[in-house]
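A.B. asks: Got a structure for you, written out below as structure tokens; questions coming shortly.
No lab work stands behind these numbers, since they all come straight from the coordinates. Treat the numbers as computed from the prediction; the structure is a model and nothing was measured. A quick note on method: Cβ atoms are made from the backbone with ideal geometry, for glycine too, and the neighbour counts reach across all protein chains shown.
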Amino acid sequence: MTEIVAFDDIKDTRRIRREMPDGHLYNTSFIDHSKEHMGAPNVFMIESSENRILDTHFHDVDQFQIVVGGGGKLGKHTLAPYSVHFARAFTPYGPLVSGPGPGVAYVTLRARACPTGGAQRLPAHREKLEKMTGRQPWQVTGVPRFVAPGADGVGMRLIDGLKDDKGLAGYALSMNPGAKTLGPDTAVGDGQYVVVLKGSLIHEGVEKKGITVIHLDPKDGAFPIVAGPQGLQGLVLNFPHPTPQVKTEAKPAAGAHDKLWQCELCAFSYDEAAGLPEEGIAPGTPWAEVPHDFICPDCSATKADFIHLDL
Ligand SMILES: [Zn+2]
């Protein structure tokens, strides 16, 4: 079933989720069917006041998060509108630190609501990860680049890194006023979101302004997107088929070699040949010479949490 929800439709659901001496956390619900069944889609917006720290944590389901206001840090990644983070189920990420001033606002989108609800923090829930077999952690933080619309009034571009062979895909979409297009095929994965960030779209004669969230089931088919009078900028996010929790062996990527070290918690890889120049670690630096206080850029695990990948 296709579901279309504009912020203007649900802004009254904004609730204080937590009020703390150092700030607050607001939650605004876009899509929530948890009272009916957990397998349904779930979308909400979190607004966090400045300089708050949400510890490294994971969830039981795949999820996208889009920064829609303010900024901050996720692990060592800088967050700003409209950074997109995708994490598979049971992949720790963080800490999430809201920046100074306005803090950070982000929209969390799940194809299926998380049965355990909130964040499962580390180190408290580390044992759960260690006991699992066949966990396939993976995450990516992407920054969409909106391309200028072409002659048809539509510009759509894949977000770097947001693509896999299970149906995962993320696109940045820009459209001129009144332009029309069809979204990508919905049948390839586990459901799709079209998110209008700026401007508006027209649906059944009604203008829906950003932020508007559209959820499409795989069988719904490509969604006809019609830009409103100001045009629109938005994202199309396709969920991959859920990762089967079965034992699998790590397989080398094409061209990979044997100098790979991997974070046992979130699967971030350190490649000795490539180094990590953005962290000041030159290409060709052996793992043994990586500083002892090195922490995982994605989940903040320590150097001791990395294992040699025997490919
Ligand atoms: Zn990690």
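A.B. asks: If eta is 1.002 mPa s and T is 20 °C, what Stokes-Einstein diffusion coefficient results for the range 3-141, Kirkwood Rh from Cα pairs, in µm²/s? Working shown, then result.
C.D. replies: Values: Rh = 15.6 Å.
Translational diffusion coefficient: 138 µm²/s.
A.B. asks: Let me ask something else. Report the Cα-based extents of the range 82-226 along its three principal axes, largest first, to the nearest Å.
C.D. replies: 53, 41, 27
A.B. asks: Work out, step by step, the length gained on full extension between residue 185 and residue 259: first 0.36 nm times the residue separation, then minus their alpha carbon distance; give nm to one decimal. Provide the component values of the computation, followed by the final result.
C.D. replies: Numbers: separation 74, 0.36 × 74 = 26.64 nm, distance 3.83 nm.
Going from the current span to full extension adds 22.8 nm.
A.B. asks: Calculate, axis by axis, the spread of Cα positions in the range 17-90 along the three principal axes, and write the results as whole Å, longest axis first.
C.D. replies: So the extents along the principal axes, rounded to whole Å, are 36, 26, 21.
A.B. asks: Taking only the C-alpha atoms, wrap a convex hull around the range 68-142 and report its volume per residue in Å³ as a whole number. Kindly include the intermediate steps, with their values, before the conclusion.
C.D. replies: Working: hull volume 8.3 nm³, N = 75.
Output value, Cα hull per residue: 111 Å³.
A.B. asks: A follow-up question, please. If I model a spin label as a point 7 Å beyond the Cα along the Cα-Cβ vector, how far apart are those points for residue 289 and residue 17 in nm?
C.D. replies: My value for the distance between the label points is 4.4 nm.
A.B. asks: Quick one: Kirkwood hydrodynamic radius for the chain, alpha-carbon pairs, angstrom, one decimal? Walk me through the numbers on the way to the answer.
C.D. replies: Working: mean 1/r = 0.0489 Å⁻¹.
That comes to 20.5 Å for the chain.
A.B. asks: While we're looking at this one, here's another question. Would the range 186-245 count as rounded, prolate or oblate if I go by the C-alpha gyration tensor, calling it rounded below 1.5 in a/c and otherwise prolate when a/b exceeds b/c, oblate otherwise? Intermediate results must be reported in sequence, preceding the final value.
C.D. replies: Details: a/c = 3.40, a/b = 2.15, b/c = 1.58.
Cα axes put the range 186-245 in the prolate bin.
A.B. asks: Where the centroid of each part is defined by its Cα atoms, how far is the range 71-109 from the range 134-212 in Å?
C.D. replies: That distance is 19 Å.
A.B. asks: A further question follows. If I model a spin label as a point 7 Å beyond the Cα along the Cα-Cβ vector, how far apart are those points for residue 198 and residue 151 in nm?
C.D. replies: Those two pseudo-labels are separated by 2.6 nm.
A.B. asks: Counting alpha carbon pairs within less than 8 Å and at least 6 residues apart, what relative contact order, in whole percent, applies to the range 144-238?
C.D. replies: Over the range 144-238, the number comes to 34 percent.
A.B. asks: Starting from the 7 Å offset along Cα-to-Cβ, what nm value, one decimal, do you get for the label separation of residue 116 and residue 273?
C.D. replies: Once both label points are built, they end up 3.7 nm from each other.
A.B. asks: Show me the three semi-axes of the equivalent ellipsoid for the range 147-220, from the C-alpha gyration tensor (sqrt of 5 times each eigenvalue), largest first, rounded to whole Å. Can you show the working numbers first?
C.D. replies: On the way: eigenvalues 90, 52, 24 Å².
For the range 147-220, the semi-axes come out at 21, 16, 11 Å.
A.B. asks: Would you mind ranking 182, 122 so that the residue whose beta carbon has the fewest other beta carbons within 10 Å leads the list? Don't skip to the answer; put the middle values down first.
C.D. replies: On the way: 182 11, 122 22.
Exposure proxy ranking, most exposed first: 182, 122.
A.B. asks: Test of understanding: ordering 261, 287 by Cβ neighbours within 10 Å, fewest first, what list do you get?
C.D. replies: Values: 261 18, 287 15.
Least to most surrounded, the residues fall as 287, 261.
A.B. asks: Just need the Rg to Rh number for the range 260-308, please, alpha carbons only, Kirkwood Rh. Could the numbers behind the result be given before it?
C.D. replies: On the way: Rg = 9.5 Å, Rh = 10.5 Å.
That ratio equals 0.91.
A.B. asks: Sort 241, 85, 57, 37 by Cβ crowding within 10 Å, fewest neighbours at the top.
C.D. replies: Numbers: 241 16, 85 23, 57 19, 37 9.
Neighbour counts put them in this order, fewest first: 37, 241, 57, 85.
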